[in-house]
Amino acid sequence: MPLDQSFVGRTYPPTPPYEVGREKIREFADAVGDPHPAYRDVAAAKELGHPDVIAPPTFPIVFTYAASQRLINDPELGLDFSRVVHGDQKFVYTRPVRAGDQLTCVVTVETIRSMAGNDIITTRTDVTTVDGEPVLTAWSTLVVRGEER
Amino acid sequence: MAGGVRYADVEVGTQLPPKVFTVTRADLVRYAGASGDFNPIHWSDRTARAVGLPGVIAHGMLTMGLAIRVVTEWVADPAAIVEYGVRFTRPVVVPDDDTGTQVTVSGVVKKTFDDGRVQIDLTATCGGEGGDGGEKVLTQARAIVKLPS
């Protein structure tokens, strides 16, 4: 079943704040094996001019993926998650995510296209602090593979 | 450890030191926990095969997180990365053994901008011998990095 085109342009209300924790950053850095001390050692991060440890570049997927669940699971959209593959992902950073940040996400559906029997949906997630400071924007494209015919 | 490259050190064509990453089932479990992405195609062969995959595959976001280490370990400060995007073209199939699979990532400076930013294009392949003859698992993998002068 094709995705509901009327979702294009739809924006979901801001998510409840996600608090970035030092240990979560460490856990994520370990999971991608990135040894940089700025993720783990406050002194090393401060030496680089950061007020606290910073997160690895792909860490924002933790809260942007969670933020997109409301859309993905919206029964009106008609997305069969078992047929979804991740097509594209992009992050544009205003500043690095760091421990202590209270972040909120606003998810917007940018495009829904059909190509070769697949549905392709692109979302934009604008991430700001609870005080409204822009931190990053994430774009994510999901490909819903068509039913075999 | 961190490379601490400066703008004056690079030109179009400068190669970043390549890296080879071994990915095992244990790495997928660790990444699932750290990222919150518990999609069973990343840990259950039964589920993966039911949706037409050859077996359990790595999270695309894990591959993306590994690939950027070529850049985070080249610069002094990972916050130098102001933009990072990829397209996932092929799944990284991870066998249920102790050896896992290997992802080879290399990077090259593709463009330099007058304001100190550079564009790095990354190549990520899986399989093949020492990265030769492997299949590309990411395309359009690109980071914009603001280097110190």
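Some observations on this one:
- In this structure the amide hydrogen of A:Tyr18, modeled in the peptide plane, comes within under 5 Å of the amide hydrogens of A:Leu103, A:Thr104, none closer than 5 places in sequence on its chain.
- Scalar couplings 3J(HN,Hα) for the stretch B:41-51, obtained by applying the Karplus form with A = 6.51, B = -1.76, C = 1.60 to θ = phi - 60°, are 5, 9, 8, 10, 4, 4, 5, 4, 5, 5, 9 Hz; x denotes Gly and Pro.
- Full-stretch length increase - A:Arg10, A:Ala66 - with 0.36 nm per residue and alpha-carbon distance subtracted: 18.4 nm
- The mean number of partner chain beta-carbon atoms within 10 angstrom of a residue's beta-carbon across peptide A:14-21 is 0.
- When only alpha carbons are used to place a centre, the stretch A:4-38 and the stretch A:103-149 end up 14 Å from one another.
- Ascending count of other beta-carbon atoms within 10 Å, so fewest first, for B:Trp43, B:Trp74: B:Trp43, B:Trp74
- Across all Cα atoms of the stretch B:1-81, the radius of gyration (one decimal) and Dmax (whole number) stand at 16.7, 52 Å.
- For chain B, the longest principal axis of the alpha carbon atoms and the long axis of helix B:25-35 meet at an angle near 70°.
- Mean per-residue shielding of peptide B:22-35 is 3, counting Cβ atoms of other chains within 10 Å of each Cβ.
- Tail beyond 15 Å, pair distance distribution of the stretch A:82-142 (Cα, percent): 55 percent
- Net charge in the neighbourhood of A:Val130 (other residues with Cβ under 11 Å of its Cβ; Lys, Arg +1, Asp, Glu -1) is -4.
- Where Rh is the Kirkwood radius over Cα pairs, Rg/Rh for the protein assembly as shown: 0.95
- Expressed as a fraction of 2.2 N^0.38 Å, the C-alpha radius of gyration for the stretch B:81-149 is 1.34.
- With a cut-off of 15 Å between beta carbons, the residues surrounding A:Ser6 carry a summed charge of -3, where Lys and Arg count +1 and Asp and Glu -1.
- Averaged over A:23-35, number of beta-carbon atoms from partner chains that fall within 10 Å: 6
- Over 24 Å [Cα-Cα, chain B], rounded percent: 36 percent
- The orientation-averaged projected area of the convex hull spanned by the Cα atoms of chain A comes to 9.6 nm².
- Here the calculated FRET efficiency for B:Thr139 and A:Thr111, from their Cβ-Cβ distance with R0 = 22 Å, stands at 0.70, rounded to the nearest 0.05.
- Computed from label points 7 Å out along Cα-Cβ, the spacing between B:Asp9 and B:Leu53 is 3.7 nm.
- Residue-averaged [θ]222 nm for the protein assembly as shown, counting only DSSP H segments that reach four residues, each worth -39500 (n - 2.57): -5000 deg cm²/dmol
- Taking only the Cα atoms of the stretch A:38-98, the ratio Rg/Rh comes out at 1.16, with Rh defined as the Kirkwood radius.
- Per-residue HN-Hα couplings for the stretch A:36-42 [Karplus 6.51, -1.76, 1.60; θ = phi - 60°; Hz; x = Gly/Pro]: 4, x, 5, 8, 10, 10, 4
- Relative contact order (%) - the stretch A:2-149, alpha-carbon pairs under 8 angstrom, separation at least six: 29 percent
Every number here is computed from the coordinates shown, using simple stated rules; none is lab data. Since this is a predicted model, take the numbers as computed values, not measurements. Positions of Cβ are backbone-derived with ideal geometry, glycine not excepted, and every protein chain shown enters the neighbour counts.
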